[in-house]
Amino acid sequence: MKTEKKGSSTAGAMAFYHEKGLVPSLKQAKLFAGKNGRVGVGPDVINARIGTKLGQTPWETYFTTLTAEYMGVSKGGSRILIVAHGVGPMATLDGILKAYKYEYRDKTCSRRGGRISKKEFLKLESGQYGEVSIIDFDKLNRRYQYPLIGILTMEEALKEPLIHARFGTNWEKYVIKHAKEATEWHKKKNHGLITNPYIIQMEDASNCSYSYAKLEDNLALAHLISFGQLTHTHHGGKQSLVSDVSCHEWSNGVRFIGIQGNGNISNIHEGINNISKTRDRFWKKLMKPTSKLISSEGFYALMTIDAKTSFTQYSKKGESMDNYEPEFRVTSIKPIGNRIIFTTTIGGHHMHVKYGIKEVQQIAPMKANAYSVIGNPWIIRDLKENPTRHGMLIQFYHVEIDTSKRLMQTKDIRNNFNLMLDLVKAQESA
């Protein structure tokens, strides 16, 4: 779907993804926001989509928000949902971790979802944390044959209180804009004139369904709310341009938004989505002197970055997958012999190619001190079609390398906040 990247800026609002999950993503978003800013909530995503065109980052990326949704039993004894934008027990990192530890601290691996106390739930209901939206859960169930599973049309979304609560003040503008864009999309796809398109998939947590999760007497369900990217969805024999809004599960990927200042936003900078591609593009900026003299003797797995520059990979331990983390730059390279097929036993799942570098070194020709894998490995099966070995095409080389500098590893780049911002600026000026 992505068609446009222009018009973004490092100022205002920026998305922060982190491979290690919620904690570092939220911390980086807060660092960017600063003392006078905030971390984005659901209405911020909605405002950014209203302010941008399809193909720009707010539509093409999923976001985790500090909008939280709670499900429990009200003071009056009925089941309700409470939607809170940036207020309440899950408005802080400590509160988020406290809620989700119900799942991640469970050694039996049988608990799902987040939890807050019934006392905190009733405080939310009474407004002690600030303004919230309250939805009658039983009425929600009666409105749909399959609540919190199906996809809503424009007309259904315009009438749905839970959509209004999750999206915030500008819910109507968003629904109308999304529907208009979907109608145009259907025309381009030759689907005919569809004036009431399916546009929003309204969900709870797939691993902790509101309808089936056990509600302990002293607890209530608690999740952050995530907004999915725009997708071409096939459903019930139809095709639609859909975005989902759902409960964030602890194991899901995380992308928080850091916002500088307290005003409304009209766009979101994508930040750095693919750290490996960014590293390969700006590798010269990321070379660091080694602290001591390092011998170039050894046997190396090679990789190529920016289409022309070869590096050795950081050494891997034992029989493991290649890490594709470039370390030392190759200054000269000479092929040794012809390409050969190397095979190794399958260690673990057959989709994960694991082998020891010493296995390759044992079959290397004289003077070869490096190798590269050509193309993709493949699975070798026995007569009963059981996967037994992995095969790969290998070329050996004699290389010379520069060990005076090494390229930073992606984990170190990702965890260096100021460096990440410098790379964002480099991307924009390139």
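The values are calculated or read from the model by the stated rules, or taken from the named source; none is laboratory data. All of these numbers come straight from a predicted model, not from anything done at the bench. Neighbour counts are summed over all protein chains in view; Cβ atoms, including those assigned to glycine, are modelled from backbone coordinates with ideal geometry. What goes into the accessible areas is simple: the full protein's heavy atoms, side chains included, and nothing from ligands, DNA or RNA. Shrake-Rupley method; radii C 1.70, N 1.55, O 1.52, S 1.80 Å.
Direction-averaged shadow area of the convex hull around the Cα atoms of the chain, nm²?
Working: hull surface 105.5 nm².
Taking the Cα atoms of the chain, their convex hull projects to 26.4 nm² on average.
Sequence-distant or interchain residues sharing an amide H contact under 5 Å with ALA205, placed H: which?
Result for ALA205 returns TYR210, CYS247.
How much of the calculated P(r) for the stretch 359-430 lies past 21 Å, in percent of all Cα pairs?
For the stretch 359-430, the fraction of Cα-Cα distances above 21 Å is 61 percent.
In Å, what Kirkwood hydrodynamic radius results for the stretch 75-146 from the alpha-carbon pair distances?
Taking the inverse mean of 1/r over all distinct Cα pairs, the stretch 75-146 comes out at 13.7 Å.
Pairs of alpha-carbon atoms within less than 8 angstrom and 6+ residues apart define the contacts here; what relative contact order does the chain have, in percent?
It rounds to 20 percent for the chain.
Quantify, in whole percent, the carbon and sulfur part of the accessible surface of the stretch 49-206 (1.4 Å probe; protein heavy atoms only).
Looking at the stretch 49-206 in its full context, I get 49 percent from C and S.
For the stretch 308-426, what is the accessible area per residue in Å² when the probe is 1.4 Å?
I get 58 Å² per residue for this part.
Quote the convex hull volume per residue of the stretch 333-389, based on C-alpha atoms, as a whole number of Å³. Could the numbers behind the result be given before it?
Values: hull volume 5.8 nm³, N = 57.
Value for the stretch 333-389: 101 Å³ per residue.
Rank ILE200, TYR146, ALA182 by how far each Cα sits towards the positive end of the charge dipole of the stretch 145-217 (+1 on Lys, Arg Cβ; -1 on Asp, Glu Cβ) and give me just the farthest.
Value computed over the given set: ALA182.
In Å², and per residue, what accessible area does the stretch 1-158 have when probed at 1.4 Å with the other protein chains present?
47 Å²
Would you work out which of ALA426, ASN386, GLN362 lies farthest towards the positive end of the dipole of the stretch 356-430, given +1 charges on the beta-carbon of Lys and Arg and -1 on that of Asp and Glu, about the Cα centre?
Working it through, the farthest residue towards the positive pole turns out to be ASN386.
In whole percent, how big is the carbon plus sulfur part of the accessible area of the stretch 232-271, probe 1.4 Å, protein atoms only?
Roughly 38 percent of what the probe reaches on the stretch 232-271 is carbon or sulfur.
Compute from the Cα atoms of the stretch 286-430 the Rg and the Dmax, the latter being the longest Cα-Cα distance, and quote both in angstrom.
17.5, 56
Principal axis lengths of the stretch 233-330 from Cα atoms, whole Å, largest first?
59, 42, 30
Suppose each label sits 7 Å from its Cα in the direction of the beta carbon; what would the HIS352-SER429 distance come out to in nanometres?
For HIS352 paired with SER429, the spin-label model returns 4.2 nm.
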